[in-house]
Amino acid sequence: MSLDELRDLLERHARPDLTTPIDGVRICRADPGAEPEYAMSGVMLAVIAQGAKRLALGDRVYEYGVGQYLVTSADLPVTGRVAPGGPQLGFGMTLEPAVIAELMLRAGPGDLPRSAGAPRPGIMVSAAPAELIDAIVRLLRLLDRPGDRRVLVPLVKREILWRLMTGEQGEAVRQLGLADSSLSHITRAVDWIRDNYAAAFRVEDLARSSGMSVSAFHRNFQSVTAMSPIQFQKQIRLQAARLLMANRPHDVTGVGHRVGYDSPSQFSREYKRQFGVAPSIDAARLREQQPAAPAPAAAP
């Protein structure tokens, strides 16, 4: 019954821009056959109530459908596509490390499993337990009760986080709340590359700032992101270039240089390998999409 109500709530409250009146919560309704979505994943929970979704991260492909949930524990460059079979309805909620840390402090001895410490993959899929679906439904019911939202939304969000922390993906979620976990160190490196994607860097310097040897940093970074640091930077550069190309379709060289490419031919070659067409052709196609769409979100 909860899945049926979840589906009804998502259908009724879906907006074209994915937003809801609840901060950090979004609803996605998408049709199969749409263009792939190239976007940063965010650090979030996603739950599917109808249809199915595929996410690609590096050489890993994840598919999740009705009654399953997906957690992204780092902000990763992913490609999303609705799987064939009908419209997809999904719920998404940003995961807040500060709230996770607070819940860990409130937990009593033995309430949470001991953390192993090693970072888990940055994306994982599991079957959603009934308690998690029930909490999400109660959160979405508050969309119809604005007078209750200020008080009840933080409480229900905490319950959702607690269900995640004590569930199958709890190890990765709990590490988000630990400032000195391996995941937190890798997340800071991920954030630095994302914010400075056009700049050259030395992996040795990132490893040192993360407090790891180069070999441990490579191993942990690959475990979380499914890519090397240099491959990760390339993905960020190409996604940024695609957004720029929509407004500067005739300046392929300038866009490539702005995102960090010294060679225009290398930029065009890697852009086509990533998006299937040359930068100028892709830019023309993007400009034809009316009305202009907001930046895509690859999850939920």
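Would you work out what percent of the accessible area of the chain, with all protein chains in place, is carbon or sulfur (probe 1.4 Å)?
Of all accessible area on the chain, carbon and sulfur atoms account for 52 percent.
Work out the P(r) tail for segment 2-110: percent of alpha carbon pairs separated by more than 18 Å, whole number.
Across segment 2-110, Cα pairs with separations above 18 Å total 52 percent.
Restrict the search to segment 177-215; then list the trypsin sites (Lys or Arg not before Pro) that DSSP places in a loop and that have at most 11 other Cβ atoms within 10 Å of their Cβ.
Answer in residue order: 202.
From the C-alpha gyration tensor of segment 150-279, pull out the three semi-axes of the equivalent ellipsoid (sqrt of 5λ each), sorted largest to smallest, in whole Å.
Semi-axes from the Cα gyration tensor: 34, 21, 12 Å.
Roughly how many Å² of residue 133 are accessible to a 1.4 Å probe, to the nearest 10?
It works out to around 10 Å².
Roughly how big is the chain's charge dipole about its Cα centre, with Cβ charges of +1 (Lys, Arg) and -1 (Asp, Glu), in debye to the nearest 20?
Using Cβ point charges on Lys, Arg, Asp and Glu, the chain gives about 420 debye.
When we measure straight from the Cα of residue 157, which lysines land under 25 angstrom away, once same-chain ones fewer than 8 places off are left out?
53
Gap in Å between the Cα centre of segment 124-155 and the Cα centre of segment 74-108?
One Cα centre to the other: 13 Å.
Ignoring ligands, DNA and RNA, what accessible area per residue does the chain give at 1.4 Å, in Å²?
47
Are there DSSP H segments in the chain that both extend 27 Å or more along their axis (alpha-carbon positions) and score a mean Kyte-Doolittle hydropathy of at least -0.5? List them, or say none.
Span-like helices here: 146-165.
The values are calculated or read from the model by the stated rules, or taken from the named source; none is laboratory data. Just so we're clear, the structure is a prediction, and the values are computed from it rather than from any experiment. Cβ sites come from the backbone with ideal geometry, for glycine too, and all protein chains shown count toward neighbours. Keep in mind that these areas ignore ligands, DNA and RNA; they rest on the heavy atoms of the full protein, side chains included. Shrake-Rupley method; radii C 1.70, N 1.55, O 1.52, S 1.80 Å.
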